[in-house]
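The values are calculated or read from the model by the stated rules, or taken from the named source; none is laboratory data. Bear in mind that the values here come from a model prediction, so they are computed numbers and not experimental data. When we count neighbours, we look across all protein chains shown, and the Cβ atoms used for this are built from the backbone with ideal geometry, even at glycine.
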Amino acid sequence: MAHALLNRLRVFTAAMLVAAAPAAGAAESIVLASTTSTEQSGLFGHILPVFEKATGITVKVVALGTGQALDVGRRGDADALLVHDRVAEDAFVAEGYGRYRRDVMYNDFVVIGPGADPAAVKGASDTPDAFGRIAGKAATFISRADKSGTHAAELRFWKAAGVEPVGQDWYKEAGAGMGPTLNMAAGVDAYTLSDRGTWANFKNRQSLAIVYEGDPKLFNPYGVILVNPDKHPHVKKAAAEQFIDWITSDAGREAIASYKLGGEQLFYPTPR
Amino acid sequence: MSAFAATFTDAVSLLVTFDHRVAEIVGLSLRVSGAAVVLGALIGLPLGACLAVARFPGKSVLTVLVNGLMGLPSVVVGVVVYLFLSRSGPLGEFGLLYTPPAMVVAQTLLVVPLMAAIARQVVDDAWQRYEEELRMLRFSWWRSVTTLLHDCRHSLLVALLAGLGRAMSEVGAVMIVGGNIDRATRVMTTAIALETSKGDLALAIALGIVLIFLILALNALAFGLRHWAIRRFG
């Protein structure tokens, strides 16, 4: 009696779980762990329908910081990664978690600050100089501090400027994605470093503006990685490789280049 | 103040032009949280009733534990469920991570202590009143539990509504185990979080208004049903 009841409960539980799942689930899909910058800039919304139409494969994007996305790949919870921290990416492949890495596209970082620019960053000669001016004036700077690709780049710029910002009064570690960090900077009139895509799609700017841009050091390359099926046998290798081949093909490059926001191109396919 | 007002005006005008994408997100929210509440009720209500009726050593400790777990942070539940369902975790082979069933599991864990704690209180009050009678009828221990649950069914509605409110409004757990994947695991709260990150505060508030009205409507429905049932069946 108790056994039959238990069995019925089990069937019921399974039914509830299935009821929660969307009805259409027959089409093939892969999980792509990527960065908030690609998702929040609207790029995926533009290029993925093109890929899905061409191949019938659905790409499920989980948007995280680069460090977190690499972690998800390490655990085998994604089939492919699209991230932007070259040093960490190469380490990921070298450790055997990724089968290979390919260049996809690039954009650039921009230094965001209050329109009044109290640290006079607009007159900086290069990126380390811009960061040095912020530190020199002890102007409030909001750091992602979330091990993302943007955070890694920011730390490189402080190092190049010869500044140790962690622990300083004016240096706030948000531990948040790009959007929340920009929301904070807008709220307290602070400086921060952003990728151009997220900034272009960001609506709550208040007094914020780009105060420094265009230095080649601000180059921000994105790579795609196949999670190693030898480590995680359930990785959907064929479908994931189809995606990697497509996004690095002429068709994929065209889709990336044609994504514009307010007439501005946000991502550039890596030159061959 | 004017920026604040403008955000609200934008939000209201967005509500008028809602499209099917928003309907999809609302639908998934209802399906996931609804399933979690049904499963949570099946576990939480009997658990709470047993806790009220049964006598065993450590009962007060367990009662405090269940009451305390009502305040379980959803992010912690999310991380724990993530570790279990991750491909490298003990239940990884089922491939449930980043799917709606994973979100149901996480939300069920969140609502069980809440529903059990409320059920325990409701059934305990009834048990104080009817203990003598039930003993005289020589009801078995389990029969007392089911009888009390049945007798208290109208009052236990509040446990269901509390569970539903908690499930539909939490963001921490579904964000981690669902991944906020467009057209797959995006629910109202994760959509609100995403729009906030994009600085689109008007859309975030518009979605928030929908969420609040949805929860209010479900509560009103439950309120009406309860009154109807009491009048109809006593």
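Key figures
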{"read-out": "Single residue of A:Ile134, A:Ile112 found to be within 14 Å of chain B (Cβ to nearest Cβ), of a type outside the set (D, E, K, R) and out of contact with any His (no Cβ under 7 Å at 6 or more places or on another chain)", "value": "A:Ile112"}
{"read-out": "Residues being more than 14 Å from chain B (Cβ to nearest Cβ) and free of Cβ contacts under 8 Å to residues at least 12 places away in the same chain - total across the range A:42-58", "value": "1"}
{"read-out": "B:Leu30 being under 20 Å from the mean Cα position of the chain (by Cα) and either within 28 Å of B:Asp200 (Cβ to Cβ) or free of Cβ contacts under 8 Å to residues at least 60 places away in the same chain (or both)", "value": "yes"}
{"read-out": "Those residues of the range A:59-76 which are closer than 19 Å to A:Gln40 by Cα and facing chain B (nearest Cβ under 8 Å), in sequence order", "value": "A:Lys60, A:Val61, A:Val62, A:Ala63"}
{"read-out": "Residue within the range B:10-25 that is at pLDDT 95 or above, assigned to a helix (DSSP H, G or I), under 30 Å from A:Leu32 (Cβ atoms) and within 21 Å of the chain's Cα centre (by Cα) present", "value": "no"}
{"read-out": "Enumeration of residues in the range A:184-200 that are in a helix (DSSP H, G or I) and either in contact with a Ser or Thr (Cβ under 7 Å, 6 or more places away or on another chain) or closer than 19 Å to A:Asn220 by Cα (or both)", "value": "A:Ala185, A:Val188, A:Arg196, A:Gly197, A:Thr198, A:Trp199, A:Ala200"}
{"read-out": "Per-region count, the range A:190-221, residues among the acidic types (Asp, Glu) and surrounded by fewer than 21 Cβ atoms within 10 Å (Cβ to Cβ)", "value": "2"}
{"read-out": "From B:Leu109, B:Leu161, B:Leu149, B:Leu114, residue being assigned to a helix (DSSP H, G or I), touching a residue at least 24 places away in the same chain (Cβ under 8 Å), hydrophobic (A, V, I, L, M, F, W, C) and crowded, with 23+ Cβ neighbours inside 10 Å", "value": "B:Leu114"}
{"read-out": "Options A:Gly45, A:Gly73: the member that is surrounded by fewer than 19 Cβ atoms within 10 Å (Cβ to Cβ) and either in a strand (DSSP E or B) or not assigned by TED's automatic domain parsing to the domain that holds A:Thr181 (or both)", "value": "A:Gly45"}
{"read-out": "Boolean, B:Tyr98 is facing another protein chain (nearest Cβ under 10 Å), assigned to a loop (DSSP other than H, G, I, E, B) and buried (at least 20 other Cβ atoms within 10 Å of the Cβ)", "value": "yes"}
{"read-out": "The listed residue being of a type in the set (A, V, I, L, M, F, W, C), surrounded by 20 or more Cβ atoms within 10 Å (Cβ to Cβ), more than 14 Å from every other protein chain (Cβ to nearest Cβ) and in contact with a helix residue (DSSP H, G or I) (Cβ under 6 Å, 6 or more places away or on another chain), out of B:Ala191, B:Ala119", "value": "B:Ala119"}
{"read-out": "Lone qualifier among B:Ala11, B:Ala41, B:Ala5, B:Ala36 - being within 14 Å of another protein chain (Cβ to nearest Cβ) and either more than 30 Å from B:Ser155 (Cβ to Cβ) or β-branched (Val, Ile, Thr) (or both)", "value": "B:Ala11"}
